[in-house]
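Here is the structure we will look at, set down as structure tokens.
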Amino acid sequence: MVFSRSIVSELSTTAGAVFTVLFSIIFSVGLVRLLGQAAVGSVDSGAVFSMVALTALTTLPTVLALTLFIAVLMTVSRSYRDSEMVVWLASGQSLLAWIRPVLRFAAPMVLLIAVLALLISPWAGQQLEESKQRFRQRDDVSRVAPGRFIESAGAQRVFFVESVDLQGATVRNLFVSHRSQGREGVIVAREGAIEVGPAGDRFLVLLRGRRYEGTPGQPQYRMLEFDRYAIRIGVRADAPLAELNARAKPTRQLLREPTPFHRAELLWRIGVPVVALLLALLAIPLGHVNPRVGRSANLIIAVLVFLLYHNGMSIVQAWVQQERLSFGIGVWITHALVAALVALMFARRVYWQRWIPRWLAPRRRAAA
């Protein structure tokens with residue numbers, strides 16, 4: 001049908017433009033945030049772009065759901081604004097006829113969102129979390145950057161080095177400020193290197209330097225000169241990675257281990273494609289625009305609906321996680337409310353006038 005093909009074509013064009021804008025914003029914000037973290041030594045500066053790509057994959061299901069919602073809303077609003085919908089309704093057709101082309105366009109996107117939410121995004125989250133943990137467990141010396149003050153993993157030392165040789169695990173012209181048992185100290189050395197002890201512990205060995213130590217506010221400070229000074233690094237090279245949070249675990253593991261945290265995360269992953277489908281249907285009656293009034297009101301309502309739906313999902317997820325609500329109820333309660341809203345909005349646009357059934361309207365006019 002020409003009508004269906006034209007709607008699907010317009011939806012595809014609009015969705016492409018909306019997705020480009022949304023993804024560019026998400027990618028830019030993530031890149032700036034990670035560059036700021038890399039500048040202070042919180043993340044690995046050499047893996048910033050890969051981490052941005054993984055972060056984008058974790059947010060892609062929500063971005064696609066929002067893209068589908070906005071694309072349908074903008075297409076329907078344009079039809080009202082250009083009076084195409086008036087011609088369509090005057091020819092005896094109904095707003096319900098939009099459901100079929102919208103579902104035809106939304107079905108592949110909903111399937112893609114389901115694959116991303118259940119498989120790809122958890123994998124990306126797992127890779128991202130493991131990358132952050134590996135960097136946190138790296139040696140303090142390998143985390144420093146020349147010319148900047150970097151705090152150690154345990155927040156007990158601050159390093160400053162003039163140059164770093166990562167291949168040889170050595171640093172030159174080193175400054176270390178440390179705190180221990182209420183006393184503060186400063187160590188300066190010409191050179192430092194990593195050495196591994198018999199038990200597998202690692203030590204930063206400083207060569208040819210000085211150590212200043214004392215209590216803040218008191219004049220008693222002592223100075224030591226040394227040819228060799230060793231500082232134990234808290235994390236061993238073979239230390240295992242910490243357990244990943246539920247968001248970074250694969251879906252099969254969530255199904256295999258039904259803890260409250262895993263059920264809450266599984267509820268969210270199952271709900272994302274349902275959210276996309278219901279929002280696409282809700283955008284059809286919500287896209288109504290009076291050309292003489294403007295189109296800002298329905299856009300504001302659309303944003304509020306999306307935020308309420310998203311926050312409602314988060315609240316239900318938190319309740320399931322806290323065992324205040326069972327998984328069997330939480331998995332459908334929010335979607336049922338939105339589905340009822342979709343049916344009510346369609347009834348309002350198709351069968352009712354000013355929220356009054358048509359079969360009551362003639363009587364009211366006669367009585368008047």
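The values are calculated or read from the model by the stated rules, or taken from the named source; none is laboratory data. Worth saying up front: this structure is predicted, and the values here are computed from it rather than measured. Cβ placement follows ideal geometry from the backbone for every residue including glycine, while neighbour counts extend to all protein chains displayed.
Tabulated results
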quantity	calculated
Enumeration of residues in the range 9-33 that are surrounded by 15 or more Cβ atoms within 10 Å (Cβ to Cβ) and closer than 30 Å to Gln93 by Cβ	Glu10, Leu11, Thr14, Ala15, Val18, Phe19
Looking only at the range 233-256, and only at residues there that are surrounded by fewer than 11 Cβ atoms within 10 Å (Cβ to Cβ) and modelled with pLDDT under 70, the one that is nearest to Val115 (Cα to Cα)	Glu243
Pair list, Cβ under 7 Å, 6 or more apart: the range 319-336 residue free of Cβ contacts under 8 Å to residues at least 24 places away in the same chain, other residue assigned to a helix (DSSP H, G or I) and not aromatic (Phe, Trp, Tyr)	Trp319/Gly330; Leu325/Val316; Ile333/Val316
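Yes or no, residue by residue, for (1) part of a strand (DSSP E or B); (2) surrounded by 13 or more Cβ atoms within 10 Å (Cβ to Cβ); (3) at pLDDT below 80:
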| position | (1), (2), (3) |
| --- | --- |
| Val87 | no, no, yes |
| Leu111 | no, no, no |
| Leu118 | no, yes, no |
| Ser131 | no, yes, yes |
| Ala155 | no, no, yes |
| Val158 | yes, yes, yes |
| Val171 | yes, yes, yes |
| Ile194 | yes, yes, yes |
